[in-house]
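Since every read-out is calculated from the coordinates, none of them should be taken as a lab result. The structure presented is a predicted model; accordingly, all values stated were derived computationally and were not measured. For neighbour counting, all protein chains shown are included, and Cβ atoms are generated from backbone atoms with ideal geometry for every residue, glycine included.
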Amino acid sequence: MPSQNGHSANGNGGSATVENGHDSVPVNWERLARATAHPLRVSILEILGIDGGRTLSPNELSRELQIPLSNTNYHVTELAKAGLIKLTRQRQVRGATEHFYCLPASTLERQQSAALAR
């Protein structure tokens with residue numbers, strides 16, 4: 001129950017369990033809100049969800065979004081920390097490691113269900 005300042009009084013950071021018809025998914029609403037607060041992060045999630053789900057590196061995302069790689073990399077890292085995207089593979093490129101990310105399967109299923117409901 002929210003306190004007078006609007007924060008959760010039970011100290012769980014706004015966590016709840018959402019029933020999606022098949023199973024229960026724990027959701028930390030505060031963490032989700034913080035992770036998607038920036039419009040660039042929403043754009044990254046949208047691009048990764050195109051065509052039933054794509055796997056892209058921050059370099060590929062920066063080219064599609066036409067923004068600097070450093071900005072893209074920062075926001076991709078924040079989305080990965082929040083568990084909204086997942087690292088799927090890595091490869092060596094000129095002495096560096098390129099990381100590839102995609103949406104978790106549960107996110108893709110929710111996107112597809114929402115698209116069918118429209």
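Taking the stretch 50-84 as the range and being in contact with a strand residue (DSSP E or B) (Cβ under 9 Å, 6 or more places away or on another chain), part of a helix (DSSP H, G or I) and of a type in the set (Gly, Ala, Ser) as the test, only 80 passes. When you look at residue 94, is it on the phi > 0 side of the Ramachandran plot, out of contact with any helix residue (DSSP H, G or I) (no Cβ under 7 Å at 6 or more places or on another chain) and among the basic types (Lys, Arg), yes or no? Yes: the conditions hold for residue 94. Within the stretch 45-80, the set of residues being touching a residue at least 24 places away in the same chain (Cβ under 8 Å) and over 9 Å from residue 101 (Cα atoms) comprises 45, 49, 52, 53, 59, 65, 67, 71, 72, 75, 78, 79.
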